[in-house]
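Report on the following structure.
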Amino acid sequence: MSRRTRSWWGWGNVEDAVTGAERAELTRRTAELLPDADLTVHSAPPVESFEVAPSRLSPPPSLARSASHDLRDRLAHSHGQAFRDVVRALLGKLPHVPDLVMRPTSEAEVVRILEWCDGAGAAVVPFGGGTSVVGGVEARTGAEYAGVVSLDLGSLDRVLEVDGTSRAALVQAGVLGPHLEDQLRPHGYTLRFFPQSFEFSSLGGWLATRAGGHFATRLTHIDDLTESLRVVTPAGVVESRRLPGSGAGPSPDRMFLGSEGTLGVITQAWVRLQDRPRWRAGASVAFQDHEAGVRAVRALAQSGLDPANCRLLDPMEAFINAGSPTAVLVLGFESADHPVDAWTERALELCLDHGGTLPEPPRYTGPADTAARTSAADTWRSSFLRMPYQRDALAAQGMIVETFETACTWDRFAGLRAAVDAAARDAMRQVGATGVVTCRFTHVYPDGPAPYFGIYAAGAWGRTVEQWDEIKQAVSKALIAHGATITHHHAVGRDHRPWYDRQRPDLFAAALRAGKAVLDPSGILNPGVVIDPLR
């Protein structure tokens, strides 16, 4: 297997970028959708062209082998993978470059690095796979800090123990998704957690951001798969007890899940494993009326059938990513214990009762088979995996291509959808960008869906970040005003802070600040994420 080179400025691997016939076809489809778009291709500048100040920090000799001053390394750790990150890199504008990248090889080394940074007055930004899309790894600090260290946990990447009796594993936080699954596979287990960023994101990152996985119902968030955590803070180490459940006061795990590195550095966790699925079923259901599709999905979410996949694509989303002229529900079931035919058949009955049609029969597979997807589902899945690469290609052609996600109760969805659509379209007009708004459900619950919106607009090269920021402001305002969350699974970071502050209770924010003051008295950990810096 050939070795891949991680892109320093964009998504994924350099070798997997959109080129040749794929770029030509992507450009053709975009021009067909938005004929006024200027789709001139712009390339990333050479690393050497960036004006980056020399590092302000020199680690002690005992930590020198863990530290990197390399320019490419520092640039790659200066940003996440949001649209605005990619475009700023393409424009040669990465203003918040860390002074050092440090890669500890043990928890003891994490402790020593935090001790040194505390004494030196340096900010520390924990870094997993660098796939944040909300400014979570970008050190927007000022002169109050002597410098910034990007703490890359990638060397802490081992499964330390597997408890087959309890079906759990002790795993170091820096492991990326594929390497984690490779280590669990010989034991017959899987974490069964597959976010779109799976190939490039880490367990610690999932935990710190309360990430959501691929599956639409049951065990949707990493919270559901967490048995206990071990966290290094500047004030000491916190380790919670392994328990299947507990009613003993507020949960220490809940304090650190979603804390985004501002309270401590997660170094390892006990996680709940699953047996590997052996039976699968897949189907695609077409709906001429999108609202009928919404009602069908609500019925499914409240039925107790718990489909593994239940993604409703609105007509525009289905057209762009699956070539369908109607709304499409991508439906799937799986089990490690039994065939799933009966569950699938009942789910399809519900869909047909709500006006859905089956373009082709469902596909069933057993232990000897490898996949259970229909052609529409196959097309969408392939597009789903290529989306981030295609986003980068279109961003380099002056397009505004970005997503935002939320969750709301079922009774509020229709009003929320209309408000977001209106806000996005009005904002696009205000900034002079012509485009479309799409929507799909990524996760569904008995009491509400998680809508995932997409913006595809023809921007003005050199101004697309500012144009997107205006659109993002408008849609974020609509989300909060209509009772939704600012994020279902993308975290708060720095980009969502103004809206998170409106969403959470003020007294809770005060309690969180007090907790940070105890765990991180000098305020060195990821300043500005989730709560205001202590300095």
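The fraction of accessible area contributed by carbon and sulfur in region 150-217 is 47 percent, rounded to a whole number (1.4 Å probe; ligands and nucleic acids excluded).
Ranked from highest to lowest mean number of other Cβ atoms within 10 Å per residue, what is the order of the peptides 6-17, 22-33, 244-255? Could the numbers behind the result be given before it?
On the way: 6-17: 17.8, 22-33: 14.6, 244-255: 11.5.
Result, highest mean Cβ count within 10 Å first: 6-17, 22-33, 244-255.
Once you have a ≥ b ≥ c as the square roots of the Cα gyration tensor eigenvalues for region 32-180, tell me rounded if a/c is under 1.5, and otherwise prolate or oblate according to whether a/b is larger than b/c. Please list the in-between numbers first.
Working: a/c = 2.58, a/b = 1.27, b/c = 2.03.
In terms of gyration-tensor shape, oblate.
Over all pairs of different C-alpha atoms, region 418-535 has a mean inverse distance whose reciprocal, the Kirkwood radius, equals 16.2 Å. In order along region 338-350, phi translates into HN-Hα couplings of 7, x, 10, 4, 5, 5, 5, 5, 5, 4, 5, 4, 4 Hz, rounded to whole numbers, per the Karplus curve 6.51 cos²θ - 1.76 cosθ + 1.60 with θ = phi - 60° and x for Gly and Pro.
Each of 122, 91, 137 was placed along the dipole of region 72-147 (beta-carbon charges, centred on the mean Cα), and the one lying farthest toward the positive end is 91. In the chain, the calculated helix contribution to ellipticity at 222 nm averages -10000 deg cm²/dmol per residue, counting -39,500 (n - 2.57) for every DSSP H run with n ≥ 4. With the highest mean first, a sort of the peptides 123-135, 57-69 on other beta-carbon atoms found within 10 angstrom per residue produces 123-135, 57-69.
Between the beta carbons of residue 352 and residue 385, assuming R0 = 25 Å, the FRET efficiency works out to 0.25 to the nearest 0.05. Between residue 5 and residue 507, the distance separating the two model label sites (each 7 Å from Cα on the Cα→Cβ line) works out to 5.7 nm. Extension gain, residue 276 to residue 40, is 80.4 nm, computed as 0.36 nm per intervening residue step minus the present C-alpha separation. Note on region 197-325: Cα Rg divided by 2.2 N^0.38 Å, N the number of residues, gives 1.36. Entry note, the chain: relative contact order of 16 percent, from Cα contacts under 8 Å with a spacing of 6+ residues. Label-to-label distance for residue 430 and residue 71 is 3.9 nm, based on points extended 7 Å past Cα in the beta-carbon direction.
In region 382-443, carbon and sulfur make up what percent of the accessible area (probe 1.4 Å)? Within region 382-443, the accessible surface is 53 percent carbon and sulfur. Residue farthest toward the positive end of the dipole of the chain, with Cβ of Lys/Arg at +1 and Asp/Glu at -1: which of 313, 428, 24? Farthest along the dipole direction, towards plus: 428. Spin-label pair residue 254-residue 411: with each label point 7 Å from Cα along the Cα-Cβ axis, the two points sit 2.4 nm from one another. Remark: C-alpha extents of the chain on the principal axes read 67, 59, 52 Å, sorted largest to smallest.
Using θ = phi - 60° in the Karplus curve 6.51 cos²θ - 1.76 cosθ + 1.60, the 3J(HN,Hα) couplings for region 315-324 round to x, 5, 4, 5, 5, 5, 9, 9, x, 9 Hz; x is entered for Gly and Pro. Taking every protein chain into account, the accessible area of region 170-209 amounts to 31 square angstrom per residue (probe 1.4 Å). Once C-alpha pairs closer than 8 Å and six or more residues apart are averaged by separation and normalised to the residue number of region 1-158, the relative contact order reads 24 percent. Taken about its Cα centre, region 413-522 carries a charge dipole of about 20 debye when Lys and Arg each add +1 at the Cβ and Asp and Glu each add -1 at the Cβ. Taken about its Cα centre, region 235-337 carries a charge dipole of about 340 debye when Lys and Arg each add +1 at the Cβ and Asp and Glu each add -1 at the Cβ. Rank 511, 256, 188 by how far each Cα sits towards the positive end of the charge dipole of the chain (+1 on Lys, Arg Cβ; -1 on Asp, Glu Cβ) and give me just the farthest. With unit charges placed on the Cβ atoms, the residue in question is 511. On a per residue basis, the convex hull of the C-alpha atoms belonging to region 101-209 measures out at 101 Å³.
Can you give me the accessible area per residue for region 280-339, using a 1.4 Å probe, in Å²? Roughly 33 Å² per residue, with all protein chains present.
Using C-alpha pairs under 8 Å with a sequence gap of at least 6, the mean separation divided by the residue count of region 194-283 gives a relative contact order of 31 percent.
Packing-based ranking of 398-407, 500-509, 303-312 yields 398-407, 303-312, 500-509, ordered from highest to lowest mean Cβ neighbour count within 10 Å. Once the Cβ-Cβ distance of residue 64 and residue 342 is raised to the sixth power relative to R0 = 60 Å, the FRET efficiency obtained is 0.45. Surface composition of region 1-112: carbon and sulfur atoms hold 53% of the protein heavy-atom accessible area at a 1.4 Å probe. The residues of region 374-477 have, on average, 33 Å² of accessible surface per residue, using a 1.4 Å probe with all protein chains present.
The values are calculated or read from the model by the stated rules, or taken from the named source; none is laboratory data. Since the structure is predicted, the reported quantities are computational estimates derived from the model, not experimental observations. No Cβ is skipped: glycine too gets one built from the backbone with ideal geometry, and neighbour counts run over all protein chains shown. With ligands, DNA and RNA removed, areas are computed over all heavy atoms of the protein, side chains included. Shrake-Rupley method; radii C 1.70, N 1.55, O 1.52, S 1.80 Å.
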